[in-house]
1. Suppose R0 equals 25 Å. What FRET efficiency, 1/(1 + (r/R0)^6) with r the Cβ-Cβ distance, do Asp212 and Arg266 give to the nearest 0.05?
2. Taking 7 Å along the Cα-to-C-beta vector as the label spot, tell me the Leu99-Val164 distance in nanometres, rounded to one decimal.
3. Return the sequence-ordered ³J(HN,Hα) values of the stretch 34-39 in whole Hz as given by the Karplus equation 6.51 cos²θ - 1.76 cosθ + 1.60 applied to θ = phi - 60°, using x for Gly and Pro.
4. Hey, can you rank 285-291, 41-47 by average C-beta count inside 10 Å, highest first?
5. Quickly work out the Glu116-to-Ala176 label distance, labels modelled 7 Å from Cα along the C-beta direction, and quote it in nm with one decimal.
6. With r defined as the distance between the Cβ atoms of Asp44 and Ser87 and R0 fixed at 41 Å, what FRET efficiency is calculated, to the nearest 0.05?
7. Cut-off 18 Å, label point 7 angstrom out along Cα-to-Cβ of Arg125: give me the residues of the stretch 89-114 whose amide nitrogen falls inside.
8. Roughly what would the spin-label model give for Ala292 and Glu148, points 7 Å off Cα along C-beta, in nm?
Amino acid sequence: MAELTALESLIEMGFPRGRAEKALALTGNQGIEAAMDWLMEHEDDPDVDEPLETPLGHILGREPTSSEQGGLEGSGSAAGEGKPVLSEEERQEQTKRMLELVAQKQREREEREEREALERERQRRRQGQELSAARQRLQEDEMRRAAEERRREKAEELAARQRVREKIERDKAERAKKYGGSVGSQPPPVAPEPGPVPSSPSQEPPTKREYDQCRIQVRLPDGTSLTQTFRAREQLAAVRLYVELHRGEELGGGQDPVQLLSGFPRRAFSEADMERPLQELGLVPSAVLIVAKKCPS
């Protein structure tokens, strides 16, 4: 029983003549299976239907044989002279075998593509997990750096507060050393200035030596007040230092200097007054002071 040629079989299975000829030429006329594999692998190529421009011998690296030339040149006619013509039943049987072969190739191709798709999905998931892990490590590093920065700022804040407390203690120690001696070693008393304590002009102010402590109420600009007891021989600078330590953010957070004012009569204390004891300023045994922001010089 005569069989169809490879070209005729490919055309019988529905492949365009140009593609069938190109597949046979590029596979070196190695058979219908090789040509079918090429056609199925390159069916989506944009130039699959373009005719071959290079001679067959150049493609295969050799000169084409007479049978190959006959297969390409005589593709429009019968396979050769004197070749028996197949009956309709034989042609159908041969076409059926070719279609089964095509179906098998298609299944193999689909299985291969499915395996490749699964592999790509595994790679995508693996890359996603690696990216997620890298992102989590980055977030943990940022959180760790932020925590270290907060600890550093807290330590600096505690150190600054410690320095302020040490300064206050040093100032108190210096004042105690300067004014904490015996009564005979105290400087000569200075005539007291009129203060808000006397109830009448004729009343004599109390003797300063009769009071060892002084109760000072300080009114802040926001309406709140501070109350503290000082020794009568302490300087007015001690009161200002106490206010600068305990005032709130509204006065500059312990950084801007403040100025102290008396209420009645209204008086603004100068830097020279800060070195004078409270009893010399007429603030003993108690007084009310007003705090105002002091403009930097």
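FYI, it's all coordinate maths here, none of it is from the lab. This one's a predicted model, so the numbers in the text were calculated from it and none came from an experiment. Positions of Cβ are backbone-derived with ideal geometry, glycine not excepted, and every protein chain shown enters the neighbour counts.
1. 0.35
2. Here the answer is 9.6 nm between the modelled labels.
3. 5, 5, 5, 4, 5, 4
4. Answer by packing, highest mean first, reads 285-291, 41-47.
5. Taking the two extended label points, one gets 9.0 nm.
6. In this case the efficiency is close to 0.65.
7. 114
8. Taking the simple label geometry, Ala292 and Glu148 are separated by 5.0 nm.
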